[in-house]
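The values are calculated or read from the model by the stated rules, or taken from the named source; none is laboratory data. Because the structure is a prediction, the values reported are computed rather than measured. Every residue, glycine among them, receives a Cβ derived from its backbone with ideal geometry; neighbour counts consider all protein chains shown.
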């Protein structure tokens, strides 16, 4: 099964931090890759249209953001960028290289550097 996952949170989806699943806001499952890809492309276009900044990897992991959308982090003592993320997984794992789509490897911005005090749990 393929999963298309929408996330919202402090980190881009490719980090796969210990608690990354806490940021999931929607998950759709599909039997076939083509169905998952069709849904992913629809959602990708919506995010791309509505948010000015993006960084997308060829393995169908994408982050979109608006630089004004931040939240205060007590641990860091700073504001953290919030990301709207989208990804395709197969059986809960990253896709194999054979399924990469290089035309999705785009970016029009880079996320701001994180505060030094803000550490993630690998």
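With the requirement that a residue be in a strand (DSSP E or B) and over 13 Å from residue 90 (Cβ atoms), what does region 25-60 give you?
Looking only at region 25-60, we keep the residues that are in a strand (DSSP E or B), and these are 25-30, 53-57.
Within region 25-60, 25, 26, 27, 28, 53, 54, 55, 56, 57 meet the criteria.
For region 70-81, check the following and say yes or no: at least one residue is outside any strand (DSSP E or B), touching a residue at least 12 places away in the same chain (Cβ under 8 Å), in contact with a strand residue (DSSP E or B) (Cβ under 8 Å, 6 or more places away or on another chain) and surrounded by 13 or more Cβ atoms within 10 Å (Cβ to Cβ). Show your work before the answer.
Kept after step one, since they are outside any strand (DSSP E or B), are these residues of region 70-81: 74-77.
With the extra rule that they be touching a residue at least 12 places away in the same chain (Cβ under 8 Å), the set shrinks to 75-77.
So of that shortlist, the ones also in contact with a strand residue (DSSP E or B) (Cβ under 8 Å, 6 or more places away or on another chain) come out as none.
For region 70-81, residues outside any strand (DSSP E or B), touching a residue at least 12 places away in the same chain (Cβ under 8 Å), in contact with a strand residue (DSSP E or B) (Cβ under 8 Å, 6 or more places away or on another chain) and surrounded by 13 or more Cβ atoms within 10 Å (Cβ to Cβ): absent.
Could you list, in sequence order, the residues of region 82-93 that are closer than 17 Å to residue 51 by Cβ and part of a strand (DSSP E or B)? 83, 84, 85, 86, 87 - these are the residues of region 82-93 that are closer than 17 Å to residue 51 by Cβ and part of a strand (DSSP E or B).
Looking only at residues of region 30-44 that are more than 18 Å from residue 13 (Cα to Cα) and touching a strand residue (DSSP E or B) at 6+ places or on another chain (Cβ under 6 Å), we find that the one that is modelled with the highest pLDDT is 30.
With respect to residue 64, is the statement that it is free of Cβ contacts under 8 Å to residues at least 24 places away in the same chain and in contact with a strand residue (DSSP E or B) (Cβ under 6 Å, 6 or more places away or on another chain) true? Against the criterion (free of Cβ contacts under 8 Å to residues at least 24 places away in the same chain and in contact with a strand residue (DSSP E or B) (Cβ under 6 Å, 6 or more places away or on another chain)), residue 64 qualifies.
Screening region 1-22 for residues that are within 10 Å of the chain's Cα centre (by Cα) and part of a helix (DSSP H, G or I) and picking the one that is modelled with the lowest pLDDT gives 15.
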